Amino acid sequence: MSKDVTITISPDGADVKVDAEGFMGSSCKDFMGNIMKALGSVTKEEKKPQYYKTEHGGVNIGGR
């Protein structure tokens, strides 16, 4: 699954909305950290259902 980040800035620059798609768990917050710092203070944060899911690694036990 691809990872996409959309940043929307109002014409007067007062409102900025950041939307991330394709991330699971806290990987979104880790990825977005520097972007959010550059944009300024966060006044509202909404977590999507994917935030509460975890990404499973490819661990295979038993040779299958």
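Computed from the coordinates by the stated procedures, all read-outs in this text should not be read as laboratory data. On a predicted model such as this, the values are computed, not experimentally measured, just so you know. Glycine gets a Cβ as well: all are built from the backbone with ideal geometry, and neighbour counts include every protein chain shown.
Observations
- Derived scalar couplings ³J(HN,Hα) [the stretch 36-46; Karplus, 6.51 cos²θ - 1.76 cosθ + 1.60; whole Hz; x for Gly, Pro]: 5, 4, 5, 7, x, 6, 9, 9, 8, 10, 10
- Positive minus negative residues near Thr6 (Lys, Arg vs Asp, Glu; Cβ under 12 Å): -1
- Near Gly25, the amide H atoms lying under 5 Å from its own belong to Tyr51, Tyr52, Lys53; only residues 5 or more places off or on other chains count, and H is placed 1.01 Å from N.
- Seen from Glu21, the other residues with C-beta closer than 10 Å to its C-beta sum to a net charge of 0, counting Lys and Arg as +1 and Asp and Glu as -1.
- Relative to the Cα centre, the charge distribution of the stretch 14-53, modelled as +1 at Lys and Arg Cβ and -1 at Asp and Glu Cβ, gives a dipole magnitude of about 120 debye.
- Within straight-line cross-link reach of Lys3, lysines at Cα separation under 21 Å, skipping those fewer than 8 residues along the same chain: Lys17, Lys29, Lys37, Lys47, Lys48, Lys53
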